[in-house]
Amino acid sequence: MVDPAAPILLFDSGVGGLTVLAELRKLRPEAPVIYFADLAGLPYGEKTEAEIAARVAGLLGRLSERFAPRLITIACNTASTIALGMVREVLHVPIVGTVPAIKPAAAMTKSGAIGLLGTAATIRQAYVDRLEAEFGNGHRLIRHAAPGLVQAAETVLRGGTPDPAVFKAAAEGLRSQPGGAEIDTVVLACTHFPLIEPQLAEAIGTGVRFVHGAEGIARRIAFLTQGQDFAREKPDLALFTTDPDQIAYLEPALKSHGLERFEAF
Ligand code: DGL
């Protein structure tokens, strides 16, 4: 029996996981949620595999002990493609990961050229090679690391305006590769990127569709929690590996996602 007050824990390096939370709210509005952002570790995409694995495993271990979640979602492609397997080995709780939506993109493309925007750490993972081999239908997958986009998304959620050059550079990074001119579908392989989809769409030009995993992940969480009871005893909590005083500028965005309490972790 699952404790009705046991939360669903969403884990990301920053605000990217809010794109998953927004979809989850549509399917499980009654579910108590804890949103965790490792802002002291952001950006994960520029770290080594060992650094990311250590952070994710250590933090999820501590979070599980303290909050006894019914389910954990690693709402971060970088953390999932590196650490999902190892944390599943040691934590006795269902863990849903976030991996690049190559399968739906391969079903959508007409031109046969798919772009993939992710962090530097994500795009070099063997996990992505395996997804491409298994689900890419033989289409051309053109990968580009766009680290500037993570900060741009964080800026947007804080109410700021990022430099448009960042979006132009990301579009150019895809278009300038062999076959890049034919791209008609782009996988947003970082949970931060749907937050800046309009800016990316403008930079890359018309006729390109974007795909990301947030809806699919929310459906998976809903499926795994089917039949469970939910009771929200306190307003939902956001936790940060920084002083909560320093996240005041994020409060409107957090509140709009139903997160009402803020604490340092
Ligand atoms: N949101 C994370 C992802 O989905 C990456 C952000 C970062 O570089 O920390 O990959």
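Here the relative contact order of the stretch 61-175, from alpha carbon pairs under 8 Å that lie six or more residues apart, stands at 22 percent.
With the full set of protein chains in place, find how many percent of the accessible area of the chain is carbon and sulfur; take the probe as 1.4 Å. Answer for the chain: carbon and sulfur cover 53 percent of the accessible area. Per residue, the convex hull spanned by the alpha carbons of the chain comes to 120 Å³.
When the surface is traced with a 1.4 Å probe over the full set of protein chains, Cys76 keeps roughly 10 Å² accessible. Our summary gives the stretch 133-210 a relative contact order of 34 percent, counting only alpha carbon pairs under 8 angstrom and 6 or more residues apart. Across Thr19, Thr81, Thr206, mean-square fluctuation computed from a Gaussian network of the chain (C-alpha pairs under 10 Å connected) peaks at Thr206.
Averaged per residue, the chain has 43 square angstrom of accessible surface, using a 1.4 angstrom probe with ligands and nucleic acids left out. Backbone geometry of the stretch 137-146 corresponds, through the Karplus equation with coefficients 6.51, -1.76 and 1.60 at θ = phi - 60°, to 3J(HN,Hα) couplings of 6, x, 6, 7, 10, 9, 9, 9, 7, 10 Hz, x marking Gly and Pro.
Taking every alpha-carbon pair under 8 Å whose residues sit at least 6 apart, the stretch 114-265 reaches a relative contact order of 23 percent. Residues considered: Tyr127, Tyr44, Tyr35. Largest GNM mean-square fluctuation over the chain, using C-alpha springs under 10 Å, is found at Tyr127.
A cut-off under 12 angstrom between Cβ atoms defines the neighbours of Val56, and their net charge, with Lys, Arg +1 and Asp, Glu -1, is 0. These residues, Phe11, Phe223, Phe67, go from largest to smallest accessible area, 1.4 Å probe, as Phe223, Phe67, Phe11. As a test, work out the antiparallel percent of DSSP beta bridges whose residues both lie in the chain, rounded to the nearest 5. Here the share of antiparallel DSSP bridges comes out near 0 percent.
For the stretch 28-37, backbone phi angles converted through the Karplus equation (6.51, -1.76, 1.60; θ = phi - 60°) give residue-by-residue couplings of 9, x, 8, 6, x, 10, 10, 9, 10, 10 Hz, Gly and Pro being listed as x. The residues packed around Arg209, meaning those with a beta-carbon under 11 Å from its beta-carbon, carry a net charge of -1 if Lys and Arg are +1 and Asp and Glu are -1. Pull up the cross-link candidates among the aspartates and glutamates for Lys255, meaning alpha carbon to alpha carbon under 12 Å and not fewer than 8 places away within one chain. Hits, sequence-local ones excluded: Asp236.
If you sort Met86, Met108, Met1 by accessible surface, 1.4 Å probe, largest first, the order is Met1, Met86, Met108. Under a 5 Å amide H cut-off, with hydrogens placed 1.01 Å from N, Phe262 pairs with Ala238 among residues at least 5 apart or on other chains. Count Lys and Arg as plus one, Asp and Glu as minus one, and take only other residues whose Cβ is under 10 Å from that of Ala145; the net charge is then +1. In the assembled protein chains, His144 presents an accessible area of approximately 40 Å² (probe radius 1.4 Å). Each peptide among 87-98, 246-257 gets the average number of other Cβ atoms lying within 10 Å of its residues, and from highest to lowest they stand as 87-98, 246-257. Taking 15 Å as the straight-line reach from the Cα of Lys168, the aspartates and glutamates in range (excluding those fewer than 8 positions away in the same chain) are Glu197, Glu202.
The values are calculated or read from the model by the stated rules, or taken from the named source; none is laboratory data. Just so it is clear, the structure is predicted and the values come from calculations on it, not from any experiment. Ideal geometry is used to build each Cβ from the backbone, glycine not excepted, and the neighbour counts take in all protein chains shown. Areas reflect the complete protein model, heavy atoms only, side chains present, ligands, DNA and RNA absent. Shrake-Rupley method; radii C 1.70, N 1.55, O 1.52, S 1.80 Å.
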